[in-house]
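The values are calculated or read from the model by the stated rules, or taken from the named source; none is laboratory data. Quantities reported herein were computed from a predicted structural model and do not represent experimental measurements. Cβ placement follows ideal geometry from the backbone for every residue including glycine, while neighbour counts extend to all protein chains displayed.
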Amino acid sequence: MWIRNAWFVAGWANEVTREKPLARVLLNEPVVIYRKADGTPVALEDRCCHRLAPLSIGRIEGDELRCMYHGLKFDASGKCTEIPGQDRIPPSMKVRSFPLVEKQKLLWIWMGDPALARESDILDWPYLDHPDWSYKPSYLHYKANYLLIVDNLLDFSHLSFVHEHTIGSMSLAETRAQIDRTPYGLKIWRILDNDVTPAFVRKLRNVGERADRWNIYDWHARGNILAMDSGFAPLGTGGHQGARENAVQFRHLSVQTPETANTTHYFFGHPQALAPGNAELDEQLLKTVTTAFIEDKDIIEAQQRIIDLDPNVRMQAIVHDSALFQGRRIIEGLIEDQAVAAE
Amino acid sequence: MWIRNAWFVAGWANEVTREKPLARVLLNEPVVIYRKADGTPVALEDRCCHRLAPLSIGRIEGDELRCMYHGLKFDASGKCTEIPGQDRIPPSMKVRSFPLVEKQKLLWIWMGDPALARESDILDWPYLDHPDWSYKPSYLHYKANYLLIVDNLLDFSHLSFVHEHTIGSMSLAETRAQIDRTPYGLKIWRILDNDVTPAFVRKLRNVGERADRWNIYDWHARGNILAMDSGFAPLGTGGHQGARENAVQFRHLSVQTPETANTTHYFFGHPQALAPGNAELDEQLLKTVTTAFIEDKDIIEAQQRIIDLDPNVRMQAIVHDSALFQGRRIIEGLIEDQAVAAE
Amino acid sequence: MWIRNAWFVAGWANEVTREKPLARVLLNEPVVIYRKADGTPVALEDRCCHRLAPLSIGRIEGDELRCMYHGLKFDASGKCTEIPGQDRIPPSMKVRSFPLVEKQKLLWIWMGDPALARESDILDWPYLDHPDWSYKPSYLHYKANYLLIVDNLLDFSHLSFVHEHTIGSMSLAETRAQIDRTPYGLKIWRILDNDVTPAFVRKLRNVGERADRWNIYDWHARGNILAMDSGFAPLGTGGHQGARENAVQFRHLSVQTPETANTTHYFFGHPQALAPGNAELDEQLLKTVTTAFIEDKDIIEAQQRIIDLDPNVRMQAIVHDSALFQGRRIIEGLIEDQAVAAE
């Protein structure tokens, strides 16, 4: 169904405070996230081992979390440290704890075998907390299986149709992308030297009527991560490989974390370096991106409803599905490896 | 579950335009209906063969329909005629097309074996598009299996109870109907010579305080069609077999098309010949009919909810169920024949 | 799943009138309750034996109930007494009737083997219709299995946490209760001689700054009934065993009747004897009780949602679960006995 041995985004760092635990279903399991006194975020099974009440209705006390049904208290490792009115605490009284790392404004959780969790495997993407870049952290809730969203992101042939009146009108949509296998997934990229500069870009900074464009996506199969590097550099300055000081540059990160078999958490950010800290520009860019993302969401959720009517109907491939098929095959391979390893 | 080899009503002709395809689930299958340039209506499987997105979100281009996910185009036969960015189109790239005929303001679809679809089998009922008759095309969505509605229509013993305060107060409700087997279903009729003329009829046209009445229903098992011919003729002028010029006449058509196992499309019209084109009268008659139909809908949907609580409880027959039982037996027989033929 | 051979509360007596039958699903079965001409309440299967329509949409006629689909009439024993248009009524035309007794403002129904129903087994709790006591009859609908509610009522260790800001702040919450097995279930009680009198009690009647308190619960496994006797007597007057004239006394009754496997009817009343007939005081006490009950409902419904995510996760016991475990074991035993008896 999905890869378990991977770092998934559990939420934006600012969703979790000291005041109130955050409840979130991830990979079909109830998870509660809270912060310890020093701010370290903690992820536990959101299900008290006593009567199965959600700990997320509970209370943060120091570094621990108290269930507000019968008062059992759990530390950050999931061990029960207090049962009101009972002296001995059996070692079986515990909830599962999940490796959780706060990095670059995101909370990364490991739902698989904890022995395999290595912090160094977490995505390094500095644009989310770099002083030269700013953006507004965003989220969409999808009523669709995560694979349908992954399909959509790995496929650019939908741009001209789904986004006909928004981002699909750009010449980018008409250019075949190059697809390379990477150790962690796929690299999908387009270089368009000497292309027409869109009006909205020239408004942001005058890079000339024509510019050298690039659009480079890094897709990571584990965690369903898509990281983009795109921009417009003044003609002949070397494009994405040259000095970028005078370019208009964007970054984008889209991450899908399965909630259930048919629903998905979608986290995204769209950093810009033109005017870091300019909340108005961040808001404007978010609005543009969200308009296009809602177009995707509408078609993907409709697609899910059609699939639900008869889940046995098979899809048929077209030439443009190359990246999408490679993506699906990588995910399936990792799920199979996982199943073999679990035997 | 239902007869497949039959012409079902897919919609009113005026529901389908050149601007926007119509999405409708029929017999549990997603169907999209649109019009070609010359106005001919076309019904295709509402599921692109590529990624299973609904074509009904697509765009009508000439005689064809383009999927607005990746731009695949399909002709009226369901054949894919264009895959953007791909030269060769494999013959397997197609969606199912369904025989669809526009006749007398209704769209008739054939969801079964196309080899068996004969246009001449479609109901001929001229009152829906005859200049001497007018009505307002209507629709109800039922949260109930279609058989519960068929039961209701074949059964007049419910009139005095469900419609106690509306149409049930008429003497018609108290007269036992005659039931004849026809080649396509049942004929259920009542002739009441020299009966009291209801006040609302005399308001429409003064046919006298007493009149010769008739009420003739033709029920077609294939397609779940009930066609009524009813009226009030001046005494001694021959009733429904005589000259009808001075009579008050009504026609009625009720058709049920299964949507899913537990939901049904209900199309109906109630033509009058007293004042063709009088929209106010059409509206008034529709209001009366709809009031009674909502009474049926309330009890049938409540019946479905009770059945859902325990689907194993069996119904027990009463004498009045004769038409209803004959109707159910005809439908069951046709479903069995179909199963045998499919072997 | 539940005990069938028991008297369950079907509703408050004032919910059922002569005008309109009451529809209620009890133990997953549709039940209709109405009153005969002399006021006697009757409970029948809410499913006409003819076409399975709900009789609760029907009409009360004298002592009988008429189905408003086809007019079949049923007497209080469930026997069909009239089929419009049909002379002979086969003996199989009947609906199930359930023993139903109106006692002390409640309607008690027996859904199991009628041969085992003995009226003398119905709870005798005079406070619901005694002139010296008054209260406002109340009801909550729970989206949870009844056992989770029973657990909650048999367990006082949740008071300090769920009801931290309401009733949990009382010293009662800190005192271990005594639990005795009774012939019908459990007796859970606490006696606190010379305890601080809460302010709200002193406002009602000045029993002194300190008082002798008692809190005695009688829980009945059959019918899921919890009856409370609690109070505050002036110091040294003998507490609950002494003269109670000068005490502040409360009674409470909470009853759970399963609706479906995952929903429950919860009836309750909280009689006071301080000012019988004082509707304002009744309303004020109800408000206080309901505030606490909503706190329970919130956590129990959340608990049910977590259980639904993975019904296989097992609960783990703590010392405080003693009453709760005894209660569950008694219920399980009675369900097993019932299964054996049914073989």
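Overview of results
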| quantity | calculated |
| --- | --- |
| Residue in segment B:30-45 that is acidic (Asp, Glu), closer than 24 Å to residue B:106 by Cβ and free of Cβ contacts under 8 Å to residues at least 60 places away in the same chain present | yes |
| Helices (runs of 4 or more DSSP H) lying entirely in segment A:138-240 (those with 2 or more residues that are out of contact with any strand residue (DSSP E or B) (no Cβ under 7 Å at 6 or more places or on another chain) and surrounded by 20 or more Cβ atoms within 10 Å (Cβ to Cβ)) | A:146-153, A:159-162 |
| Long-range neighbours under 7 Å by Cβ, at least six apart or interchain, first residue more than 9 Å from every other protein chain (Cβ to nearest Cβ) within segment A:310-338, second exposed (fewer than 12 other Cβ atoms within 10 Å of the Cβ) and assigned to a helix (DSSP H, G or I) | none |
| Condition met for residue A:242 (at pLDDT below 95 and on the phi > 0 side of the Ramachandran plot) | no |
| Filter pass, residue B:120 being among the small types (Gly, Ala, Ser), within 23 Å of residue B:38 (Cα to Cα) and part of a loop (DSSP other than H, G, I, E, B) | no |
| Flag if residue C:283 is closer than 27 Å to residue C:138 by Cβ and either at pLDDT 95 or above or assigned to a loop (DSSP other than H, G, I, E, B) (or both) | yes |
| When residues of segment C:18-31 are limited to those that are closer than 15 Å to residue C:55 by Cα and in a loop (DSSP other than H, G, I, E, B), the one farthest from the other protein chains (Cβ to nearest Cβ) | C:18 |
| Per-region count, segment C:218-264, residues more than 30 Å from residue C:307 (Cβ to Cβ) and hydroxyl-bearing (Ser, Thr, Tyr) | 2 |
| Selection count where residues are at negative phi and part of a loop (DSSP other than H, G, I, E, B), scope segment B:79-114 | 14 |
| Considering residues of segment C:63-98 that are within 11 Å of chain B (Cβ to nearest Cβ) and of a type in the set (S, T, N, Q) only, the residue surrounded by the most Cβ atoms within 10 Å (Cβ to Cβ) | C:86 |
| Tally, over segment B:103-116, of residues that are in contact (Cβ under 8 Å) with a residue 24 or more places away in the chain and surrounded by 15 or more Cβ atoms within 10 Å (Cβ to Cβ) | 9 |
| Some residue of segment B:60-71 being farther than 22 Å from residue A:162 by Cβ, out of contact with any Pro (no Cβ under 9 Å at 6 or more places or on another chain) and either without any contact (Cβ under 8 Å) to a residue 24 or more places away in the chain or part of a loop (DSSP other than H, G, I, E, B) (or both) | yes |
| From A:92, A:97, residue being touching a Gly at 6+ places or on another chain (Cβ under 9 Å) and at pLDDT 95 or above | A:97 |
| Test result for residue B:294, over 30 Å from residue C:92 (Cβ atoms), outside any strand (DSSP E or B), of a type outside the set (Gly, Ala, Ser) and within 14 Å of chain C (Cβ to nearest Cβ) | yes |
| Tally of residues being among the polar types (S, T, N, Q), buried (at least 18 other Cβ atoms within 10 Å of the Cβ) and assigned to a loop (DSSP other than H, G, I, E, B) across segment B:307-343 | 0 |
| Residue selected from segment B:292-306 under the condition in contact with a Lys or Arg (Cβ under 9 Å, 6 or more places away or on another chain) and without any contact (Cβ under 8 Å) to a residue 60 or more places away in the chain, by the criterion nearest to residue C:87 (Cα to Cα) | B:306 |
| Whichever residue in segment C:32-54 is among the acidic types (Asp, Glu) and within 14 Å of another protein chain (Cβ to nearest Cβ) and, among such residues, is surrounded by the most Cβ atoms within 10 Å (Cβ to Cβ) | C:46 |
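One line per residue, one yes/no per condition, for (1) of a type in the set (Val, Ile, Thr); (2) in contact (Cβ under 8 Å) with a residue 60 or more places away in the chain; (3) touching a helix residue (DSSP H, G or I) at 6+ places or on another chain (Cβ under 9 Å):
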position: A:233; (1), (2), (3): no, no, yes
position: A:236; (1), (2), (3): no, no, no
position: A:240; (1), (2), (3): no, no, no
position: A:247; (1), (2), (3): no, no, yes
position: A:252; (1), (2), (3): no, no, yes
position: A:258; (1), (2), (3): no, yes, yes
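Conditions (1) in the same structural domain as residue A:335 (by TED's automatic domain parsing); (2) under 23 Å from the mean Cα position of the chain (by Cα); (3) small (Gly, Ala, Ser), marked per residue:
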| site | (1), (2), (3) |
| --- | --- |
| A:11 | no, yes, yes |
| A:18 | no, no, no |
| A:23 | no, yes, yes |
| A:38 | no, no, no |
| A:49 | no, no, no |
| A:59 | no, no, no |
| A:67 | no, no, no |
| A:76 | no, no, yes |
| A:84 | no, no, no |
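Residues are listed down the side, and each one gets a yes or a no for (1) in contact with a His (Cβ under 8 Å, 6 or more places away or on another chain); (2) in a strand (DSSP E or B); (3) under 24 Å from residue A:165 (Cβ atoms):
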site: B:33; (1), (2), (3): no, yes, no
site: B:44; (1), (2), (3): no, yes, no
site: B:50; (1), (2), (3): yes, no, yes
site: B:77; (1), (2), (3): no, no, no
